[in-house]
Amino acid sequence: MNTAVLWAALATGVLSMVLLNDGVGVNLFLVALPAAVTAYFAARQAGRVQARPWTLAWGIGGLALLLVPAVRAAQWHSLFAVATAIGLASLALHGSRTWSGVVLSPFGLFDSLPKGALWGWRGVRSRAGNASGNVGSALRALAVTAVLLLVFGALFAGADAAFADLLSRLVPDTSVGDGPWRLVLFALGLFGALAAAHTAAAPLRWDSFETSPGRARGWGEWSLPLLVLCVLFAVFNAIQLAVLFGGYKAVLDKTGQTYSEYARQGFWQLLLATLLTLLVIVFALRWAPRGGPGDRNLVRGVLGTLCALTLVVVASAVRRMDMYVEAYGLTRLRISVVTVELWLGLVTLLIMAAGVWGARWLPRALAFGLASPDGLIAENNMRRYEKTHKFDLDYVRGLSADAVPALDRLREPMRSCVLGPLAEGLGPATASWYEISWGEVRARRILKERPPATTDPGACNSSGESLEYYR
């Protein structure tokens, strides 16, 4: 371990201790930057200096996802983004190319936690005897710097109120009671950076895990079940296309279902059907006949047809959810499941492309970013309100600050009924600049310019079984 790795890991620990205390915003990104530098120095020392395009893509993508908490106020959305960023970081550090590498790479980070800590301790011990003079000099320089900043900073703060306010915003508040928690944050940042560095220098070779292909089946035994399944898909899709082009009324009259019941009932079954189809394709490829060009063309033709029919099922599922949203509005659950369905459709397209151009790149191509789900939910419900004059007050009160710009267009007393609880949830603006999101800043500006009025509690009560407000 060289000195640059140790200093970068120490910087990560210090930033983690200072910035990650109360809230989450741009501070996650700021802490991740020195951790990425730590991994770079370790990889360069180990001879892994030539970064492949995929490695750069995963690394940049992981850092970009850590900006989501700085942009969006929705905590659930930020949680997904951070989890995805960790997964992308593991792919970048390991450089995996195969299915086993993509799936198992995140476990390599956990394996590197104790190894990285031991590696760092050995690095510190190896330099303690040889650089005692340098360490003492560095400590003296840091002590003098701290004293100068403390003395002159206090003088300037007492001389000018504007400078004192700026200093209070830039410097985090600390107390003796925060000491143990700050030490925990320091340890998390330090050991996390060392784990990333150890992974970058000596990654586990997950790509070496290979699964033997299944026993090849004869073309008749292999193709008959899949061809029958394709016929079933074709019949179902034909009915869906007929219904799509104007047959809803006849279907609803015959089944006795309402418009929303028909949409809600079908979506979940179609989502499960899409998942099972991908599983069928996996097993079909494992047992596919491998006798020659004819067998390869058969596999491509049958599975390509099944994938194409699956895309129609995906389109039908998305359309059904669109019908349901038209009837009842958009929610977090609905936007999440339709995103999953669209992602499965993308996977199906990638599988079709792999059947034409080869599948070596496919595991690395299957990686909710800067989009604002709560903002989309509020915007959709606003359009629904303008069209149907119905609005679900109880649900939108639970949205985050990202929904405030769209909800600001509501008329009174609905606007105050919705934004009042959201303003109370935001609380006073006491968070530091690195612990707050842009979505929250924008919401506070709107609420400051047009604060919610105090309304009669009876005017904010929802009516009807669906808890909707009727104008």
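Residues in the range 283-298 that are in a helix (DSSP H, G or I) and either of a type in the set (Asp, Glu) or under 35 Å from the mean Cα position of the chain (by Cα) (or both): Phe283, Ala284, Leu285, Arg286, Asp295. Considered as a group, the residues in the range 284-325 that are more than 14 Å from Gln240 (Cα to Cα) and small (Gly, Ala, Ser) include one that is most open to solvent (accessible area, probe 1.4 Å), and that residue is Gly291. Comparison of Gly355, Gly345, Gly369 shows that the only residue that is within 30 Å of Val103 (Cβ to Cβ), among the small types (Gly, Ala, Ser) and modelled with pLDDT of 80 or more is Gly345. Suppose we filter Pro106, Pro69 for residues that are assigned to a helix (DSSP H, G or I) and either aromatic (Phe, Trp, Tyr) or surrounded by fewer than 23 Cβ atoms within 10 Å (Cβ to Cβ) (or both); which single one remains? Just a single option satisfies the conditions, and that option is Pro106. Listed by position, the helices (runs of 4 or more DSSP H) enclosed by the range 160-261 that each have at least 3 residues that are surrounded by 12 or more Cβ atoms within 10 Å (Cβ to Cβ), more than 34 Å from the chain's Cα centre (by Cα) and modelled with pLDDT of 75 or more are 219-242.
Within the bounds of the range 31-52, is there any residue that is at pLDDT below 80 and among the aromatic types (Phe, Trp, Tyr)? The answer is no, given that none of the residues of the range 31-52 is at pLDDT below 80 and among the aromatic types (Phe, Trp, Tyr).
Residues checked against (1) surrounded by fewer than 21 Cβ atoms within 10 Å (Cβ to Cβ); (2) in a helix (DSSP H, G or I); (3) in contact with a Cys (Cβ under 8 Å, 6 or more places away or on another chain); (4) among the small types (Gly, Ala, Ser):
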residue: Trp7; (1), (2), (3), (4): yes, yes, no, no
residue: Gly13; (1), (2), (3), (4): no, yes, no, yes
residue: Asn21; (1), (2), (3), (4): yes, no, no, no
residue: Thr38; (1), (2), (3), (4): no, yes, no, no
residue: Ala43; (1), (2), (3), (4): no, yes, no, yes
residue: Trp54; (1), (2), (3), (4): yes, yes, no, no
residue: Ala57; (1), (2), (3), (4): yes, yes, no, yes
residue: Leu63; (1), (2), (3), (4): yes, yes, no, no
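This table checks each residue for (1) modelled with pLDDT of 80 or more; (2) loosely packed, with under 11 Cβ neighbours inside 10 Å; (3) among the charged types (D, E, K, R).
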residue: Met414; (1), (2), (3): yes, no, no
residue: Gly425; (1), (2), (3): no, no, no
residue: Glu435; (1), (2), (3): no, no, yes
residue: Arg442; (1), (2), (3): yes, no, yes
residue: Arg445; (1), (2), (3): yes, no, yes
residue: Lys448; (1), (2), (3): yes, yes, yes
residue: Asp456; (1), (2), (3): no, yes, yes
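For the range 378-408, which residues satisfy the criterion of being open to solvent by 20 Å² or more (accessible area, probe 1.4 Å), under 22 Å from Ala327 (Cβ atoms) and within 29 Å of the chain's Cα centre (by Cα)? Once the filter is applied, which keeps residues that are open to solvent by 20 Å² or more (accessible area, probe 1.4 Å), under 22 Å from Ala327 (Cβ atoms) and within 29 Å of the chain's Cα centre (by Cα), the range 378-408 yields Glu379, Asn380, Arg383, Asp392, Asp394, Tyr395, Arg397, Gly398.
The values are calculated or read from the model by the stated rules, or taken from the named source; none is laboratory data. Here the structure is a predicted model, which is why all the values come from computation and not from measurement. With ideal geometry, Cβ positions are generated from the backbone for all residues, glycine too; neighbour counts draw on all protein chains shown. For accessibility, only protein heavy atoms count, side chains too; no ligands or nucleic acids. Shrake-Rupley method; radii C 1.70, N 1.55, O 1.52, S 1.80 Å.
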